[in-house]
Amino acid sequence: MTHALILGNSHTVPLRHAWSALGEEHPRHRISFFAVPMPFFRFLRLNGRRFGAPTGRGERPRITEMAERLNGRADVDLSEFDLILLVGFVDRFKALSELMLGCDVDGLREVGAQSRLSPSAFQAICRTIAEGVLPVKFLARLSAGPVAVLEKSRPAETCVGSEDPRYRGWRGLAPDPRGIAAVLGAYSDVLASVLAERDISLIRQPGETIQPNGLTAARFSQGSINLAQGEPHGEDDHSHANAAYGEICLARILDFLDAAPTPALVTRH
């Protein structure tokens with residue numbers, strides 16, 4: 001049996017719901033969760049092989065209470081697991097949307113933007129963006145055992161109707177979505193390569209959840225649930241996914257666990 005830990009923030013909710021509904025159908029694997037919403041997740045600390053609410057001089061009672069309420073414990077011993085799967089880490093979709101708004105990318109998106117990027121220049125920009133996403137120090141300390149990252153879902157297609165300044169780029173791209181999917185796919189390729197250099201696997205966003213315009217289909221955002229309160233997100237939320245999305249991603253995670261040789265996974269320290 002493979003025991004995996006899904007570690008992350010509010011974006012773990014769809015997976016938790018999916019595992020609660022379908023976990024008994026997969027007795028070869030066991031999945032545990034440890035999640036705290038942003039911005040509180042940033043205050044969690046790695047102490048040896050234990051990860052969770054800070055203690056001692058850095059103690060924050062509110063975060064300790066939240067971790068215990070959401071997970072039944074204030075921290076988790078990472079050495080108990082065969083695989084750590086990170087979920088919900090910071091994306092750079094806003095930066096990519098604004099890049100496409102001002103630049104064509106040769107061979108990927110050519111719509112007459114003011115500037116053009118060669119494939120090599122675009123690859124270099126993507127690498128810089130991808131490396132900026134990674135919590136490098138945290139990942140380095142997790143490296144005693146296998147680590148994977150579930151790619152954060154792209155914004156829902158409903159974001160193009162939002163006045164939120166975070167989606168300005170997507171609003172500007174909406175009239176001509178040609179090539180957006182290709183650009184985002186190329187970025188995912190670079191992210192996977194950057195992670196692989198650190199012996200970390202990337203589990204990509206499932207293709208069936210992505211619209212031709214490159215964004216997440218609205219049906220996978222509707223009815224998403226807030227981690228802290230357990231209530232539905234408002235209509236102005238375009239970044240969280242629902243249980244249907246979680247079920248599709250869970251299937252990909254289980255495929256990943258099935259494909260990984262058991263001896264390669266079990267490298268506890």
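The values are calculated or read from the model by the stated rules, or taken from the named source; none is laboratory data. Keep in mind it's a predicted model, so treat the numbers as computed, not measured. Positions of Cβ are backbone-derived with ideal geometry, glycine not excepted, and every protein chain shown enters the neighbour counts.
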Is there a residue being within 20 Å of the chain's Cα centre (by Cα), assigned to a loop (DSSP other than H, G, I, E, B), crowded, with 16+ Cβ neighbours inside 10 Å and at pLDDT 90 or above anywhere in the stretch 56-73? no
With respect to Arg178, determine if the residue is out of contact with any Asp or Glu (no Cβ under 6 Å at 6 or more places or on another chain) and closer than 25 Å to Gly8 by Cα. no
Hits in the stretch 1-27 - residues which are assigned to a strand (DSSP E or B) and polar (S, T, N, Q): Thr2
Quick one: Arg219 ticks every box in (1) in a loop (DSSP other than H, G, I, E, B); (2) free of Cβ contacts under 8 Å to residues at least 40 places away in the same chain except a single one, so which number is it? (1)
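Table: residues versus (1) more than 20 Å from Gly88 (Cβ to Cβ); (2) assigned to a loop (DSSP other than H, G, I, E, B); (3) of a type outside the set (Asp, Glu); (4) within 14 Å of the chain's Cα centre (by Cα).
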{"position": "Thr158", "(1), (2), (3), (4)": "no, no, yes, no"}
{"position": "Trp170", "(1), (2), (3), (4)": "no, no, yes, no"}
{"position": "Asp176", "(1), (2), (3), (4)": "yes, yes, no, no"}
{"position": "Val183", "(1), (2), (3), (4)": "yes, no, yes, no"}
{"position": "Val194", "(1), (2), (3), (4)": "no, no, yes, no"}
Determine whether Asp82 is among the charged types (D, E, K, R) and modelled with pLDDT of 95 or more. no
Only residues in the stretch 168-190 that are under 13 Å from Leu215 (Cβ atoms) count as the first member; pair them with residues that are crowded, with 19+ Cβ neighbours inside 10 Å and among the small types (Gly, Ala, Ser), Cβ under 7 angstrom, at least 6 apart or cross-chain, and list the lot. Gly169/Ser97; Trp170/Ser97; Leu173/Ser97; Pro177/Gly214; Ile180/Gly214; Ala181/Gly214; Leu184/Gly214
Which condition does Leu257 not pass, out of (1) under 26 Å from Val190 (Cβ atoms); (2) modelled with pLDDT of 95 or more; (3) in a helix (DSSP H, G or I), if it passes all the others? (2)
